[in-house]
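K.L.:
Next up is a structure, given as structure tokens.
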Amino acid sequence: EAGVAQSPRYKIIEKRQSVAFWCNPISGHATLYWYQQILGQGPKLLIQFQNNGVVDDSQLPKDRFSAERLKGVDSTLKIQPAKLEDSAVYLCASSRTGTYQETQYFGPGTRLLVL
Amino acid sequence: AQSVSQHNHHVILSEAASLELGCNYSYGGTVNLFWYVQYPGQHLQLLLKYFSGDPLVKGIKGFEAEFIKSKFSFNLRKPSVQWSDTAEYFCAVNARNAGNMLTFGGGTRLMVKP
């Protein structure tokens with residue numbers, strides 16, 4: 001089966017610009033996650049969707065970050081305006097359901113550099 | 001909230017050496033434990049997981065991990081590493097009352113010398 005797809009793979013922007021990332025989860029997976037991985041650290045969950053509803057966005061900096069999953073399949077994560085500290089890899093993951101026993105499958109990530 | 005610490009940030013081994021990577025978590029309740037691996041240029045993938053039962057869990061590629069509840073630990077082991085095991089290894093935990101929210105450790109970068 002096809003894995004989690006993400007685009008773009010790399011993005012370089014200047015601070016205060018906006019940027020958007022796209023994720024297509026594994027077919028049939030109801031739950032979608034966005035993680036931020038800063039260099040030298042482990043991934044940190046930003047937001048979790050169950051179908052098209054938000055389950056947890058407690059660690060999403062809502063003043064500049066937004067995410068949506070309108071039709072319960074693809075998702076976009078947006079940063080507006082970007083700051084230097086947003087430089088990181090943004091990982092998308094999906095799981096069949098949102099229960100704790102489900103394995104999360106990760107995409108290749110989008111590497112963002114903010115100058 | 002749960003937290004995860006991985007003691008070794010960088011490990012260098014020669015082929016055929018034994019490997020043990022430490023992982024400790026902080027959470028008072030019941031947890032599920034995972035090890036993920038990221039090979040160079042590839043995405044994160046699951047190595048093994050523990051939910052319940054036998055605390056010694058076997059994963060892919062000869063890896064295993066042991067859950068020691070009294071020590072809040074879930075160390076990863078492999079008796080004999082290969083050059084192809086060069087990768088970054090992440091320990092992760094989720095709490096059974098927190099849905100599927102994974103908390104990751106900072107990762108251990110393993111380099112195996114041929």
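K.L.:
Take every Cα-Cα pair in region A:1-53 and report what % of them are more than 15 Å apart. Mind showing how you got there, number by number?
P.N.:
Numbers: 855 of 1378 pairs.
Summing the P(r) tail past 15 Å for region A:1-53 gives 62 percent.
K.L.:
Looking at this model, which pairs from A:11/B:113; A:44/A:71; A:15/A:71; A:11/B:49; B:49/B:113; A:62/A:83 are more than 21 angstrom apart at the alpha-carbon?
P.N.:
Details: A:11/B:113 33 Å; A:44/A:71 25 Å; A:15/A:71 31 Å; A:11/B:49 33 Å; B:49/B:113 27 Å; A:62/A:83 14 Å.
Check vs 21 Å cut-off fails for A:11/B:113; A:44/A:71; A:15/A:71; A:11/B:49; B:49/B:113.
K.L.:
A further question follows. Please report Rg (one decimal) and Dmax (integer) in Å for the Cα set of region A:7-115.
P.N.:
In Å, with Rg to one decimal and Dmax whole: 13.2, 40.
K.L.:
Still on this structure, please answer the following. Could you work out the percent of alpha carbon pairs in region A:51-98 separated by over 15 Å, rounded to a whole number? It would help to have the intermediate numbers written out before the result.
P.N.:
Numbers: 577 of 1128 pairs.
Cα-Cα pairs of region A:51-98 separated by over 15 Å account for 51 percent.
K.L.:
Still on this structure, please answer the following. Got a sec? What order do B:10, B:43 fall in by accessible area at 1.4 Å, biggest, i.e. largest, first?
P.N.:
Details: B:10 135, B:43 80 Å².
Ranked from most to least accessible, the order is B:10, B:43.
K.L.:
Could I get the Rg over Rh figure for region B:17-69? Both from C-alpha atoms, Rh via Kirkwood, rounded to two places. The partial results should precede the final answer.
P.N.:
Values: Rg = 12.2 Å, Rh = 12.5 Å.
That ratio is 0.98, to two decimals.
K.L.:
Just tell me how shielded A:98-104 is by partners: mean number of partner chain Cβ atoms within 10 Å of each residue's Cβ, no decimals. Intermediate values should be presented prior to the final figure.
P.N.:
On the way: counts 3, 3, 13, 7, 4, 6, 8.
Per residue, the number of nearby Cβ atoms from other chains is 6 on average.
K.L.:
What residues of region B:33-49 lose no less than 30 Å² of accessible area with every protein chain in place versus their chain by itself (probe 1.4 Å, heavy atoms only)?
P.N.:
When all protein chains are present, B:36, B:43, B:44 each give up 30 Å² or more of accessible surface.
K.L.:
May I pose another question? Once you keep just the Cα pairs under 8 angstrom separated by 6 or more residues, what percentage relative contact order results for chain B? Walk me through the numbers before you get to the answer.
P.N.:
Numbers: 284 pairs, mean separation 43.3, N = 114.
38 percent.
K.L.:
What accessible area per residue comes out for region A:28-115, rounded to a whole number of Å², with a 1.4 Å probe? Before the final figure, lay out each step's value.
P.N.:
Details: 3930 Å² over 88 residues.
Using a 1.4 Å probe on heavy atoms only, each residue of region A:28-115 averages 45 Å².
K.L.:
Here is a follow-up. Just add up the charged neighbours of residue A:15: K/R +1, D/E -1, any other residue whose Cβ is under 10 Å from the Cβ of residue A:15.
P.N.:
Values: positive: A:16, A:83; negative: A:14, A:85, A:86.
That works out to -1.
K.L.:
Strictly greater than 30 Å: what percent of every Cα pair in the protein assembly as shown meets that?
P.N.:
On the way: 6383 of 26106 pairs.
Percentage above 30 Å: 24.
K.L.:
Express the relative contact order of chain A as a whole percentage, based on alpha carbon pairs under 8 Å and six or more residues apart in sequence.
P.N.:
Values: 291 pairs, mean separation 42.5, N = 115.
37 percent.
K.L.:
Quick check: convex hull over the Cα atoms of chain B, volume per residue in Å³, rounded to an integer? Walk me through the numbers before you get to the answer.
P.N.:
On the way: hull volume 10.8 nm³, N = 114.
Spread over its residues, the Cα hull of chain B gives 94 Å³ apiece.
K.L.:
Using only protein heavy atoms and a 1.4 Å probe, how much accessible area in total is buried between B and A, to the nearest 100 Å²?
P.N.:
Details: alone 6180 and 6540 Å², together 11090 Å².
Chain pair B/A: roughly 1600 Å² of buried accessible area.
The values are calculated or read from the model by the stated rules, or taken from the named source; none is laboratory data. Only a predicted model underlies this, so the values are computations on that prediction, with no experimental measurement involved. Backbone-built Cβ (ideal geometry, glycine too); neighbour counts: all protein chains shown. Side chains included, ligands, DNA and RNA excluded: accessible areas come from the protein's heavy atoms. Shrake-Rupley method; radii C 1.70, N 1.55, O 1.52, S 1.80 Å.
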